[in-house]
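The values are calculated or read from the model by the stated rules, or taken from the named source; none is laboratory data. As the structure is a prediction and not an experimental result, all values here were calculated from the model. Here the Cβ positions follow ideal geometry from the backbone for every residue, glycine too, while neighbour counts run over all protein chains shown. When the accessible area is computed, the model is the full protein with side chains, heavy atoms only, and any ligands, DNA or RNA have been set aside. Shrake-Rupley method; radii C 1.70, N 1.55, O 1.52, S 1.80 Å.
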Amino acid sequence: MKRGRVVMHRCVVAGVQATTADTTQSFGRHSHDMFGIGLVWRGAQRSASGRGPVEARAGDVITANPGEVHDGSPFDERGRAWRMLYFDPALVYEVARDLGAPTPASVEFERPVLRDDAFAACFEQAFADAAAMATGAARVHDEALGRETSLFALMARFVRTHTSMRQRMPVAESVAAASASIRRAKARIDDDPCAPVTLAALADEAGLSRFQLLRGFARDTGLPPHAYLIQRRIALARHLIERGASLADAAAGAGFADQSHMTRAFVRMLGVTPAQYASAVR
């Protein structure tokens, strides 16, 4: 008797899909037109793939290249459970080109099963962000910006460490030219930290790809765009609080979704709540 289910989520980042599965079902031979990467979190599975026989157990990372024919069945009647993220090849190739891949065809996963705890943790964060996007939890633009960042960070990590690109050094770039582009994106945040902003909008402002923007911004400012935006909003909120604004007005005036959102940001960055800050400066 088959049990369990497979759930496919819609992600607001175009070209990314999130899937969760907990099932005893055996799947026939098939392929996907996207790069797939996932984590088995319960049970075990065996399958045949274009890279040979596969056995994956709880804690293992599993991968699939576009067009790779594979199947899948559980080890026993208890089934198995996994989480998967699928990336449109165009997204992966964008990151790979920025890291020095000569042609898209040169990028593919080398192994169908990986044991890499640090990478698994990176995947879990990216999956949580993709799932939050899919369920509508990321309605605040700065939160969406952070979640996009974690998905691109995952792509960069697997391209660098687990594909045929891993031995290639990044292409040298003009740091001066890149820094000028990053200054334009940074100025957009500095000029109006309250305004909603997306990764795509910042990349357009800089004249860079999204991954180039992320890499260059962190290099030049020491922070990813999402963290920099939150820092600027906290600075503005502090200024408003010091001038006597109520906490609710400070949150709205600094671009936070609400007072609780501002409070979480204060505690993460300063270690105190806005109310504690107000008591100290008034």
With the chain treated as a Gaussian network of Cα nodes joined by springs under 10 Å, which of Arg147, Arg232, Arg29 yields the largest mean-square fluctuation?
Arg29
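Tell me the per residue accessible area of the chain using a 1.4 Å probe; a whole number in Å² is fine.
Working: 13430 Å² over 282 residues.
Roughly 48 Å² per residue, with all protein chains present.
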When Cα extents along the principal axes in Å is calculated directly from the model, which label among [x] 66, 47, 26; [y] 66, 43, 38; [z] 55, 41, 40 fits?
[x]
On a C-alpha basis, how far is the centre of region 1-49 from the centre of region 250-282 in Å? Whole number, if you could?
41
In nm, the gap between the two label points placed 7 Å beyond Cα toward Cβ at Ser164 and Arg184 is 3.5
Once you've got the GNM for the chain with C-alpha springs shorter than 10 Å, pick whichever of Val272, Val95, Val69 has the biggest mean-square fluctuation.
Val272
Highest first, please rank the peptides 48-60, 118-130 by the mean number of other Cβ atoms sitting within 10 Å of their residues.
118-130, 48-60
Can you send over the solvent-accessible area of Ile241, 1.4 Å probe, protein chains only, in Å² to the nearest 10?
0
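Note the full-extension length gain between Ala195 and Asp76 as 0.36 nm times their separation in residues minus their Cα-Cα distance, in nm to one decimal. Could you put the intermediate results ahead of the total?
Numbers: separation 119, 0.36 × 119 = 42.84 nm, distance 5.29 nm.
Full extension from Ala195 to Asp76 adds 37.5 nm.
In deg cm²/dmol and to the nearest 500, what is the mean residue ellipticity at 222 nm of the chain if only DSSP H runs of at least 4 residues count, each as -39500 (n - 2.57), divided by the residue total?
Details: 10 runs with 132 residues, N = 282.
After summing the helix terms and dividing by residue count, I get -15000 deg cm²/dmol.
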Give me the extension gain from Gln276 to Ala118: residue separation times 0.36 nm, minus the current Cα-Cα distance, reported in nm with one decimal.
53.3 nm
